[in-house]
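Let me begin by presenting the structure, written as structure tokens, before commenting on it.
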Amino acid sequence: MAGDYPLLEQYLRKLPTSEEEVTLTFERIEEILKDRLPRSAHEDSPWWGNQKQGLQIESNPWMDAGWMVEIVNLREKWVRFVRQ
């Protein structure tokens, strides 16, 4: 799975600069990744944290692409990214 995170980074980088935010369902993210998100992404909001250090390296692709997670809704299974 870790090797597929660059696909999410590429997707976010290709969004028009006029888009200041984008909301993606977990299902759509899995389509982009061509793989399932880990269980922790579905159950633990810290998985979606915006950090560059520590154990949660999943945030690196979206942060490297110039985005941050604004909000994640684990119950409804979506996440909103905003441009940094």
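Kindly provide the Kirkwood hydrodynamic radius of the range 7-50 in Å, to one decimal, from all pairs of distinct alpha carbon atoms. List each step's numbers first, then the result.
Values: mean 1/r = 0.0858 Å⁻¹.
11.6 Å is the Kirkwood radius here.
Loop exposure criterion: GluC sites (Glu not before Pro), DSSP state outside H, G, I, E and B, at most 12 other Cβ atoms within 10 Å. Applied to the chain, the longest stretch between such sites is 21-75. Each of PHE81, PHE26 was scored by other Cβ atoms within 10 Å of its Cβ. Listed from fewest to most, they are PHE26, PHE81. For the chain, the convex hull drawn through the C-alpha positions has a volume of 83 cubic angstrom per residue.
No value in this document is a laboratory result; all are computed from the given coordinates. Remember, it's a predicted structure, so these values are computed and weren't measured experimentally. Neighbour counts are summed over all protein chains in view; Cβ atoms, including those assigned to glycine, are modelled from backbone coordinates with ideal geometry.
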